[in-house]
Amino acid sequence: MLLLLLLVVGSCATAASAQNASFPDDFLFAVSTAAYQIEGAWDADGKGENIWDRMTHEHPDYVDDGSNGDVACDSYHKYEEDVEMIKSLGVDIYRFSISWARVLPLGDVSQVNPLGVEYYNKLIDLLIANRIEPMVTMYHYDLPQYLQDIGGWPNPVLADYFREYARFLFDTYGDRVKWWLTFNEPTSICMGYGQYRMKAPAVNAHGFGDYQAAHTMLRAHAMAYRVYDQQYRPTQGGQLSITLNSNFYQPATNSSEDIEAAERALQFNLGWFAHPIYTSDGDYPAVMKERIYNNSIKDGIWISRLPQFTAQEIADLKGSADYFSLNHYTTNLAEDGEQADQYPSHEWDTGVVTSCDPSWPNSSYNIMKVVPWGFRGLLKWVANEYDTKMGIFITENGFADTGEINDTGRQNYYTSYLREMLNAMYLDGVNVIGYTAWSLLDNYEWMRGYTLKFGLYHVDFNDPNRTRTPKASAAMFREIVATHTLPDSGAAMTSSHFA
Ligand code: PNW
């Protein structure tokens, strides 16, 4: 019945606003997940321990509901059902991540876990048999504990470990995987070293460990890119990128201070990783180098807390991506000023006070308000600032609720965000080539445990079978993918629709 209704509404929309409610014929649709959030089987079949296993077992109090990913959606055992669901949505691509410690339990190639390797072989083969292209994230937060024991990402040697892990993945899966992503949201990974208890491994080294971790990951990304480019691309012919995430930052007032603050927030978050890769100058954004150096000197430190690249590293990083992979969820207001729970810190160095407009509709995640126009604003900013001629692929976008099947909030979120993305494409000329919904199914939401749900499919976490049930948004997303057209979302455009 609902489907019928959506079909009718969908075809009206085509007639009324065919021009800007339709996606280009070759536009790609995808759904996304990550290993620790869905697989479970945390110690099955020879998998090694990673930093999320360790932290959630030793400190359940760090997670809102004291939970962990030991079982999660049990996708290690239920991947066939997951592929059925992906197929039923009709998407072109499935973006998932590989658990490093499942394939290399110690983090290096001295020990390969054949059953772990086999799991991803079976998943990839089944996807391809169903004409779904795999898009593989190499690292979605789950570092092998063995590598954390030598310091984790702040230790520069991890770049070499990562390069060898990447090489192992190209050798093992690169004949079939044509879409690669090195890191998911490196700014979020840095929180594990800079914003205590926001992410594993919950190391409290704010304003220093986070910059060091970022530096190692950027070097690691460039190494993996150069290895792929020189040794694998000629025979495998795939594309490689890094997934960056950003909120949009809107100046809180029209003052030049706040306008500069919004720009600075974008440079300190997205620019931190995008500037070295996607600009002709390369290196970190000038505003970061200057502010962090000045703050360090003021504190009597002999050297900037922001590390320096060598000329060779700057050159290797420039242009080290074949497409621009971007995750986006929400928008903040930006005001010039100092706000930081800790000193020194990335927030302190940024010098921006962020907030939300009270009129912005809520989701169930307090940090994620529903602000569709911010998506268009961010896309315009990215296209202006960086080289995006190879195309922007939205690799995550989604809405948190508490798991209802009739998820109108999620339906409104997707239609309004997609409409603003189309506006960016057709009205602003931004080159977006694909869009990925986060997430295929309800899953383990990191420090929020199982209290928040992002899935197109509901998962019953009280049922040992982890039964999956499609939500209303799954039917809607299927329609959008099938018709390459948005349902008539005139109503969803107005913010009152979300109330
Ligand atoms: C992403 N924000 O993280 C991650 O890639 C996913 O693993 C996660 O499940 C998903 O978003 C939902 O949280 C984010 O502050 C964390 O806007 C925070 C933000 C955005 C994305």
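Laboratory data are not the source of any read-out in this text; all were calculated from the coordinates shown. Just so it is clear, the model here is predicted, and its values are computed rather than measured. Positions of Cβ are generated from backbone atoms using ideal geometry, with glycine treated the same way; all protein chains shown enter the neighbour counts.
A straight chain from Ala315 to Met390 at 0.36 nm per residue would run longer than the Cα-Cα distance by 25.1 nm.
Answer rounded, prolate or oblate for region 335-462, using the Cα gyration tensor with square roots of eigenvalues a ≥ b ≥ c: rounded when a/c is under 1.5, else prolate when a/b is larger than b/c, else oblate. Oblate shape, in that a/c is at least 1.5 and b/c is the bigger or equal ratio.
Its alpha carbons give region 253-317 an Rg and a Dmax of 13.4, 41 Å. State whether region 52-118 is rounded, prolate or oblate according to the following rule on the C-alpha gyration tensor (a ≥ b ≥ c being the square roots of its eigenvalues): a/c under 1.5 gives rounded; otherwise a/b larger than b/c gives prolate, and the remaining case gives oblate. Since a/c reaches 1.5 but b/c is at least a/b, the shape of region 52-118 is classed as oblate. Inverting the pair-averaged 1/r between distinct Cα atoms of region 195-257 gives 15.4 Å as its Kirkwood hydrodynamic radius. Between Asp45 and Asp341, the simple label model (points 7 Å from Cα in the Cβ direction) yields a spacing of 3.8 nm.
The local environment of Arg163, defined by Cβ-Cβ distances under 15 Å, has a net charge of -4 under the rule Lys, Arg +1 and Asp, Glu -1. With contributions of -39500 (n - 2.57) from each DSSP H run of at least four residues, the per-residue ellipticity at 222 nm computed over the chain stands at -12500 deg cm²/dmol.
Under 5 Å between amide hydrogens, built in the peptide plane, is the criterion, and for Phe248 it picks out Thr330, Thr331, Asn332 among residues at least 5 positions away or on other chains. Shape class for the chain: rounded, because the ratio a/c of the largest to smallest gyration tensor axis (alpha-carbon atoms, square roots of eigenvalues) is under 1.5. Shown in residue order for region 319-330 are the 3J(HN,Hα) couplings computed by the Karplus curve 6.51 cos²θ - 1.76 cosθ + 1.60 at θ = phi - 60°: x, 8, 7, 9, 7, 9, 8, 10, 9, 8, 10, 8 Hz (x for Gly and Pro).
For Lys289, the lysines whose Cα comes closer than 24 Å to its Cα, not counting residues fewer than 8 places off in the same chain, are Lys298, Lys318. From the alpha carbon centroid of region 280-328 to that of region 39-91 is 34 Å.
FRET efficiency for the Arg226 to Arg176 pair, using the beta carbon distance and R₀ = 22 Å, is estimated at 0.50.
Packing, as the average of other Cβ atoms within 10 Å across residues, places the peptides 96-106, 36-46, 356-366 in the order 96-106, 36-46, 356-366, highest first. Two numbers describe the Cα atoms of region 87-209: Rg and Dmax, which are 15.7, 47 Å.
At the listed q of 0.13, 0.25 Å⁻¹, the Debye profile of region 154-225, built from one uniform point per Cα, gives log10 I(q)/I(0) equal to -0.41, -1.04. Taking a cut-off of 21 Å between Cα atoms, list the lysines near Lys178, but don't count ones fewer than 8 places away on the same chain. Those lysines meeting the cut-off are Lys87, Lys122, Lys389.
Counting only aspartates and glutamates at least 8 places from Lys47 when in the same chain, those with an alpha carbon closer than 19 Å to its own are Glu39, Glu58, Asp70, Asp74, Asp108, Glu118, Asp142, Asp149, Glu164.
Paramagnetic label reach from Thr402 (point 7 Å along Cα→Cβ; backbone nitrogen cut-off under 17 Å): within region 57-73, residues 64-66. When peptides 225-238, 334-347 are sorted by average Cβ neighbour count within 10 Å, with the highest value leading, the order is 334-347, 225-238.
Once C-alpha pairs closer than 8 Å and six or more residues apart are averaged by separation and normalised to the residue number of region 2-493, the relative contact order reads 18 percent. Summing charges over all other residues whose Cβ lies under 15 Å from the Cβ of Ile150, with Lys and Arg as +1 and Asp and Glu as -1, gives -4.
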